[in-house]
1. Measure up Lys40/Lys123; Lys29/Lys66; Lys113/Lys133; Lys66/Lys113 against 24 Å on the Cα-Cα distance and list the ones that go over.
2. Between Glu125 and Asp70, what FRET efficiency comes out of the Förster formula 1/(1 + (r/R0)^6) with R0 = 35 Å and r the beta carbon distance, rounded to 0.05?
3. When the Karplus curve 6.51 cos²θ - 1.76 cosθ + 1.60 is applied with θ = phi - 60°, which whole-Hz ³J(HN,Hα) does each residue of the stretch 71-82 get, with x for Gly and Pro?
4. Can you list residues whose amide H is under 5 Å from Thr153's amide H, if they're 5+ apart or on another chain and H is modeled 1.01 Å from N?
5. Determine the dipole magnitude for the stretch 40-172: charges of +1 sit on the beta-carbon of Lys and Arg, -1 on that of Asp and Glu, nothing else is charged, the reference point is the Cα centre, and the result goes in debye to the nearest 20.
6. Quick one: which residues, 5+ away or cross-chain, put their amide H under 5 Å from the amide H of Leu44? H built at 1.01 Å from N.
7. With a 10 Å radius around each residue's Cβ, average the other Cβ atoms per peptide and rank 124-137, 144-157, highest first.
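Rule-based calculations on the coordinates, nothing more; no lab input. Just so it is clear, the structure is predicted and the values come from calculations on it, not from any experiment. Here Cβ is always computed from backbone atoms with ideal geometry, including for glycine, and neighbour counts include all displayed protein chains.
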Amino acid sequence: MQTISKGSNFLNVRIITKIAIKVDTLSYKTISANKATITKKWVLVDAKDQVLGRLASVVAMILRGKHKPDFTPHADCGDNVIIINAEKIRLTGNKKDQKYYIHHTGYPGGQRKVTFSRLQARKPEAIIEKAVKGMLPKNRLGSEMFRHMHIYTGNEHPHEAQKPEAVNFSSIK
């Protein structure tokens, strides 16, 4: 309702418009993915000279399935990921000397710290595992998604039969 004033006279004007739109409701169905409708692919990621955090976020997105149009948050609709050259990952800045990985043994005074460079020399797969696991959901579904990631040092991996597709990072970012 609009009120228009001219001098001391008030005039009430109602503007009513009816618009009829016919919508085809069958074309707007929301599809919820489940185990029967999900197609899982195998993806190959080369970690050589990749920044750890950027690599982990892309891998977590692929494991979760957020790159697919039929993404469903409560279903495991992500792909299987193979990561090669885990020992050639890099960090920016001085994190190579300053970053610590902390764990606790369970005993009093049992907190232990390991530097990035020491963990990279001993077990380079653990660095990528910790980074990706921190970006997945903290529940049973996140644990199931984490099982679909396979990390290897060097160029070789035993999953040639699955015919993995290589990921181009410039197209995902």
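1. Lys40/Lys123; Lys66/Lys113
2. The calculated FRET efficiency here is 0.70.
3. 4, 10, x, 9, 10, 8, 10, x, 9, 7, 10, 10
4. Amide H to amide H, under 5 Å and 5 or more residues apart or across chains, Thr153 pairs with Ala86.
5. Result for the stretch 40-172 is approximately 580 debye, rounded to the nearest 20.
6. Those qualifying (amide H under 5 Å, at least 5 residues apart or on another chain) are Ile82, Glu165, Ala166, Val167.
7. Put in order of decreasing packing, that is 124-137, 144-157.
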